[in-house]
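Novice: Just dropping this structure here.
The values are calculated or read from the model by the stated rules, or taken from the named source; none is laboratory data. As the structure is a prediction and not an experimental result, all values here were calculated from the model. Backbone-built Cβ (ideal geometry, glycine too); neighbour counts: all protein chains shown.
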Amino acid sequence: MTDVLEAGRAIHGRFGEVLVDGVKQTNLQECTADVEPDIKELNLLGADWVQYKSGIKKGTGTMKGYKVTSDMIERGFKRFEIITKLDDPEAYGYESIRLKNCMATKLQLINLKAGDLVEEETPFNFSGYELLDKIEVA
């Protein structure tokens, strides 16, 4: 037996789910979120290597999908919460993440092009997250 990943364990994005303030977003094609710390470089006398100090964190993300309502325009820049769930039945389990204090950083008001479906992209910031459910190898 070789130590090779079972292909079915790789998680497929089609099993993703996004809830905004508890409402399932059935129009989305993509949702991303990242956290980055503000890393400071320390250049010290007598040291051959730069050292690093982690500082304050910044959370950013984007939701992309088909436009079906005016919800995001109506919400404006009010805060909201996102909960994502990734639940591939072949995976070792499912993962849920809560993004706290989300706020749109840009609102798309108009995106029209003859012959195309209207798509909507909403970038956002967030301040805090919680891993609600984690995937673990049994």
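Novice: What number of residues within the range 110-138 satisfy the criterion of being in a loop (DSSP other than H, G, I, E, B) and either closer than 21 Å to Val20 by Cα or in contact with a His (Cβ under 6 Å, 6 or more places away or on another chain) (or both)?
Specialist: 4
Novice: Run down Thr105, Thr84, Thr32 and say which single residue is surrounded by 14 or more Cβ atoms within 10 Å (Cβ to Cβ) and within 15 Å of the chain's Cα centre (by Cα).
Specialist: Of the residues listed, the single one that is surrounded by 14 or more Cβ atoms within 10 Å (Cβ to Cβ) and within 15 Å of the chain's Cα centre (by Cα) is Thr84.
Novice: Being touching a strand residue (DSSP E or B) at 6+ places or on another chain (Cβ under 9 Å) and under 30 Å from Ala7 (Cβ atoms) is true for just one of Gly93, Gly128, Gly59. Which residue is that?
Specialist: Going through Gly93, Gly128, Gly59 in turn, just one is touching a strand residue (DSSP E or B) at 6+ places or on another chain (Cβ under 9 Å) and under 30 Å from Ala7 (Cβ atoms): Gly93.
Novice: Say whether the condition of being farther than 29 Å from Val118 by Cβ and at pLDDT 95 or above is met by at least one residue in the range 64-86.
Specialist: Checked the range 64-86: no residue is farther than 29 Å from Val118 by Cβ and at pLDDT 95 or above.
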